[in-house]
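Chemist: Before I ask anything, here is the structure I am working with.
The values are calculated or read from the model by the stated rules, or taken from the named source; none is laboratory data. Worth saying up front: this structure is predicted, and the values here are computed from it rather than measured. For neighbour counting, all protein chains shown are included, and Cβ atoms are generated from backbone atoms with ideal geometry for every residue, glycine included. Just the protein is used for accessible areas: all its heavy atoms, side chains included, with ligands, DNA and RNA removed. Shrake-Rupley method; radii C 1.70, N 1.55, O 1.52, S 1.80 Å.
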Amino acid sequence: MKLNNVKIGIIGLGYVGLPLAVEFGKKYPVTGFDIKKDRIDELSSGKDHTLECSPEELFAATHLMFSCELKDLKKCNFYIVTVPTPIDDHKNPDLMPLIKASETLGKVISKGDIVVYESTVYPGATEEVCLPVIEKVSGLKFNRDFFAGYSPERINPGDKEHRVTTIKKITSGSTPAVADFVDAVYGSIITAGTYKASSIKVAEAAKVIENTQRDVNIALINELAMIFNRMDIDTEEVLLAAGTKWNFLPFRPGLVGGHCIGVDPYYLTYKAQEVGYNPEMILAGRRLNDNMGLYVALQTIKLMLRKRIHVDGSRILVLGLTFKENCPDLRNTRVVDIIKELKTYGAVVDVYDPWIDAGEAEHEYGLCPVKKPARGKYDAVIAAVKHHQFASMTAAQVRALCKEKAVVYDIKRVLPHEAVDAVL
């Protein structure tokens with residue numbers, strides 16, 4: 001296969017697959033495939049509810065077509081899989097989306113084709129789980145009839161500065177020649193350059209530790225914040241002072257959600273335990289970060305009690321529901337942990353987030369966000385997400401939402417300092 005003969009099929013058109021399809025679609029014939037017809041219809045009309053790609057960007061990809069029909073994938077010869085890799089209720093990897101995507105590939109793949117996986121997995125998953133599915137469905141033999149690569153996604157939802165082409169891309173292949181070709185395909189659109197890993201397993205491992213490292217570091221800062229709170233020391237002031245040393249890492253406390261940092265470490269710990277090692281530090285970090293929503297809720301309740309505010313039957317407003325600022329992504333948001341805990345104390349909780357789709361919030365979490373928070377209604381306000389709409393609020397605007405006696409708790413230090421009672 002030569003570069004000028006490449007016809008790309010991208011399976012999964014979410015936060016990862018769509019921007020990739022758009023960039024490749026400026027240069028190569030690309031079929032963007034998704035099993036959701038409403039997603040295909042939306043994109044075909046030039047709209048993207050994830051806000052990752054503007055209508056102008058979609059229409060600029062002149063060689064890109066969207067489809068949910070298998071027949072349209074059959075004409076491709078270079079496939080890229082960008083489906084989600086979530087965890088189940090027991091925090092074990094849920095590989096079903098990958099398995100289903102591999103079954104789809106098995107129905108359309110031909111001799112000489114290449115399949116590249118971008119979904120985050122544990123080391124070995126591509127070759128141990130995915131490729132055998134393709135072999136079984138297609139009847140073709142891996143590394144004889146078809147070939148594979150792994151190039152981990154590094155998309156940061158909502159980030160308009162670090163885009164597909166400006167983030168260095170790790171590539172790999174199942175043979176040296178395939179590795180070179182996969183690297184060349186990605187290198188033709190990635191202006192930041194590529195890094196060719198020595199094997200698929202190395203590329204898989206590199207991806208899964210990127211977010212594991214961040215998770216462990218944030219867990220440390222979260223624990224420090226809890227310690228300093230007991231000492232009546234401002235965590236931010238400590239971090240600013242420590243940050244004057246050249247090699248101090250600038251992490252901040254907060255909720256750790258989303259589809260990457262709060263999920264990926266469990267893929268690594270699952271595999272570690274499978275090979276007989278108990279990853280104590282990684283799991284400790286996960287426990288700390290998973291419990292931060294509970295901690296915030298309890299801190300809010302303590303502040304309310306100190307002000308003689310009756311918690312049972314109180315009205316509490318949570319500002320922000322997405323897992324990060326200025327982004328509509330609700331996947332694995334840990335703000336819901338705060339809401340659930342507050343409700344166990346009898347509080348009535350309203351959620352306001354101008355970025356989200358209300359239908360999605362209700363479907364995913366059973367929450368019905370308010371369209372606009374009422375003035376003078378709340379016994380407590382919790383700023384959970386640093387959306388620019390909240391960062392632009394004045395102290396007077398924040399307090400206007402509250403009753404005369406109320407608590408304002410700021411997780412992300414987004415509100416004016418004089419408006420809040422406590423920060424994380």
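Chemist: Taking 7 Å along the Cα-to-C-beta vector as the label spot, tell me the CYS368-ASP232 distance in nanometres, rounded to one decimal.
Modeler: Spacing of the two 7 Å Cα→Cβ label points: 4.4 nm.
Chemist: Please work out how much length the chain gains when fully extended from ASN217 to ALA241, using 0.36 nm per residue of separation minus the C-alpha to C-alpha distance, in nm with one decimal.
Modeler: Full extension from ASN217 to ALA241 adds 6.9 nm.
Chemist: Along the positive direction of the dipole of the chain (beta-carbon charges: Lys, Arg +1; Asp, Glu -1; about the Cα centre), which of GLY193, PRO176, LEU51 reaches farthest?
Modeler: LEU51
Chemist: Let me ask something else about it. Where the only charges are on Cβ atoms (+1 Lys, Arg; -1 Asp, Glu), what is the dipole of region 87-213 about its Cα centre, to the nearest 20 debye?
Modeler: Here the size comes out at about 280 debye.
Chemist: Positive end of the charge dipole of region 19-159 (Lys, Arg +1 and Asp, Glu -1 on Cβ, about the Cα centre): tell me which of SER151, THR120, PRO84 has its Cα farthest that way.
Modeler: SER151
Chemist: On a full-extension model of 0.36 nm per residue, what is the gain between ILE189 and SER44, subtracting their alpha-carbon distance, rounded to one decimal in nm?
Modeler: 49.9 nm
Chemist: Towards the positive end of the charge dipole of region 228-359, with charges on Cβ (+1 Lys, Arg; -1 Asp, Glu), say which of SER314, ALA272, LEU283 has the farthest Cα.
Modeler: Of the listed residues, the answer is SER314.
Chemist: Ok, one more. Please give the FRET efficiency for LEU249 paired with ALA206, using the beta carbon to beta carbon distance and R0 = 25 Å, rounded to the nearest 0.05.
Modeler: Plugging the Cβ-Cβ distance into 1/(1 + (r/R0)^6) gives 0.85.
Chemist: Amide H neighbours of LYS196 under 5 Å, at least 5 residues apart or on other chains, H built in the peptide plane: list them.
Modeler: THR171
Chemist: Take each of the peptides 264-275, 53-64, average the number of other beta-carbon atoms within 10 Å over its residues, and list them starting from the highest.
Modeler: Sorting 264-275, 53-64 by mean packing, highest first, produces 264-275, 53-64.
Chemist: Hey, rough spin-label estimate for ASN291 and ASP421, points 7 angstrom out along Cα→Cβ, what's it come to in nanometres?
Modeler: 2.4
Chemist: Another question about this same structure. Could you pull out every one of the lysines with an alpha carbon less than 18 Å from that of LYS307, ignoring same-chain neighbours closer than 8 positions?
Modeler: Within the straight-line limit of under 18 Å, LYS307 reaches these lysines: LYS377, LYS403, LYS405.
Chemist: A further question follows. Roughly how many Å is it from the Cα centre of region 291-362 to that of region 363-403, as a whole number?
Modeler: 10
Chemist: Please get the size of the charge dipole for region 90-160, origin at its Cα centre, with Cβ charges of +1 on Lys and Arg and -1 on Asp and Glu, quoted in debye to the nearest 20.
Modeler: Working: 9 positive and 10 negative charges, 24 e Å.
That gives region 90-160 a dipole magnitude of about 120 debye.
Chemist: Here's something else I'd like to know. Which net charge results for the neighbourhood of VAL208, defined as the other residues with beta-carbon distances under 14 angstrom from its beta-carbon, given Lys and Arg at +1 and Asp and Glu at -1?
Modeler: Within the 14 Å Cβ shell, the charges total -1.
Chemist: Counting pairs on different chains as well as pairs 8 or more places apart, how many Lys pairs in region 48-115 have Cα atoms under 29 Å apart?
Modeler: The result is 11.
Chemist: Please list, in order along region 189-196, the HN-Hα scalar couplings obtained from phi with the Karplus expression 6.51 cos²θ - 1.76 cosθ + 1.60 (θ = phi - 60°), rounded to whole Hz, x for Gly and Pro.
Modeler: Using θ = phi - 60°, the values come out as 10, 8, 6, 6, x, 10, 10, 8 Hz.
Chemist: Further question: Evaluate E = 1/(1 + (r/R0)^6) for ASP145 and GLU103, where r is the Cβ-Cβ distance and R0 equals 22 Å; express this FRET efficiency to the nearest 0.05. Don't jump to the answer; show the numbers that get you there.
Modeler: On the way: r = 17 Å, r/R0 = 0.77.
In this case the efficiency is close to 0.80.
Chemist: About the Cα centre, and with charges only on the beta carbon of Lys, Arg (+1) and Asp, Glu (-1), how big is the dipole of the chain? Nearest 20 debye, please.
Modeler: Around 260 debye, computed over the chain.
Chemist: For ASN5, put the label point 7 Å out on the Cα→Cβ axis and report which residues of region 101-126 keep their amide N under 15 Å from it.
Modeler: Residues passing the 15 Å test: 110-114.
Chemist: Hey, rough spin-label estimate for ASN156 and HIS388, points 7 angstrom out along Cα→Cβ, what's it come to in nanometres?
Modeler: 1.6
Chemist: While we're looking at this one, here's another question. Can you list the residues of region 121-152 with backbone N under 18 Å from a point 7 Å past the Cα of LEU70, pointing along Cα to Cβ?
Modeler: In region 121-152, the label zone of LEU70 (backbone N under 18 Å from the point 7 Å along Cα→Cβ) covers 131-141.
Chemist: FRET efficiency for ALA400 and VAL348, Cβ-Cβ distance as r, R0 = 30 Å, nearest 0.05?
Modeler: 0.95
Chemist: Let me ask something else. If I compute solvent accessible area with a 1.4 Å probe over the protein chains, what percent of it on the chain is carbon and sulfur?
Modeler: Heavy-atom surface of the chain belonging to carbon and sulfur, 1.4 Å probe: 54 percent.
Chemist: Something else: Would you please name the GluC sites (Glu not before Pro) within region 160-253 that are DSSP coil residues with at most 15 other C-beta atoms within 10 Å of their C-beta?
Modeler: Passing sites in region 160-253 are GLU161.
Chemist: With every protein chain left in place and a probe of 1.4 Å, what is the accessible surface of VAL238, to the nearest 10 Å²?
Modeler: So the heavy atoms of VAL238 present about 50 Å² to solvent.
Chemist: Right, something else. Name the long-range amide H neighbours of VAL381: under 5 Å, sequence gap of 5 or more, or other chain; modelled H, no Pro or chain starts.
Modeler: Correct list: LEU317, VAL407, VAL408, TYR409.
Chemist: A further question on this structure: Can you give me the accessible area per residue for the chain, using a 1.4 Å probe, in Å²? Please list the in-between numbers first.
Modeler: Working: 19450 Å² over 424 residues.
In whole numbers, the chain has 46 Å² accessible per residue.
Chemist: In addition: Net charge around PHE147, counting only other residues with Cβ within less than 14 Å of its Cβ (Lys, Arg = +1; Asp, Glu = -1)?
Modeler: -3
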